[in-house]
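Just so it is clear, none of the values below were taken in a lab; they were calculated from the coordinates. Given the structure is predicted, the values throughout are model-derived calculations rather than measurements. Note that we place each Cβ from the backbone using ideal geometry, even for glycine, and neighbour counts take in every protein chain shown.
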Amino acid sequence: MSRLMMCRAWNKKTNSYISEGDLVLDLRTGNICAGDLSHEESTIDVTDSVELERAIGREDEDDDQIFENDVLQVILEHWPLGYYQEIEYVGVVKYDLDSCSYYLDLIKPPVIGGETIPNEIDGIKITREDPEDFESSFYFGEGMVSADMKVLGNIHDNPELLSRSGEK
C-alpha cells in the first residue's frame, strides 16, 4: 500500500514558496532536483536552496492542508470539575523524530477561557496549574478534529506571528 506524500517547498534564496515547476526528491542520494525532469541533463541540484515542508495529513476548519512550519491555533473544550473551559494553543507545527509524531512548538503559554473555577468547592481547596508550568509543546491528540484547528499563517510569510508573544 502506498501513500502520497504532499510537500510544499520554500525557496531560501528568493524567500518565497515555489508555486510551479517540477521538483523531485532523489531517493538514492536524498537530493532535491529541479528542471525539466524528462531531460536529466537539464536538471539541477537545489537541495541547499530549498526547504521541503511536509503536509501532516490533517486539515483545519477551513479545509486547508496543514504543513510543517505553519502557525496553528488549536482550541479544545475542557471540563475541569464540571466547569466549561476552552484552552487555546498557538504554535508552530514541527515533527518529533523520537516519537514519530507532529506537535506544536508553542509560541505562548496556553490561554484558558470560559467559566472560572472557584478557589474551593464544598470546603476543598482547588489547585490550578499555572500557565507558566505548561510544557512548551503540544502533541496532536487522536480525538482532535478539523474544527479544533485553524492555520494562522506560516513562519516564512508571517514572521510577526512568532513575535506576538514576545518570546521567540
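Things to note:
- Radius ratio Rg over Rh of region 1-104, counting only Cα atoms, Kirkwood formula for Rh: 1.11
- Alpha carbon convex hull of region 22-67, projected area averaged over orientations, nm²: 4.3 nm²
- Highest mean packing comes first when the peptides 26-33, 69-76 are listed by Cβ atoms within 10 Å, giving 69-76, 26-33.
- Förster-model FRET efficiency, 41 Å R0, H78 and D45, C-beta, rounded to 0.05: 0.25
- Pair K12, C100: separation of 7 Å Cα→Cβ label points (nm): 2.8 nm
- Neighbours of F67 by Cβ distance under 13 Å: Lys/Arg scored +1, Asp/Glu scored -1, total -4.
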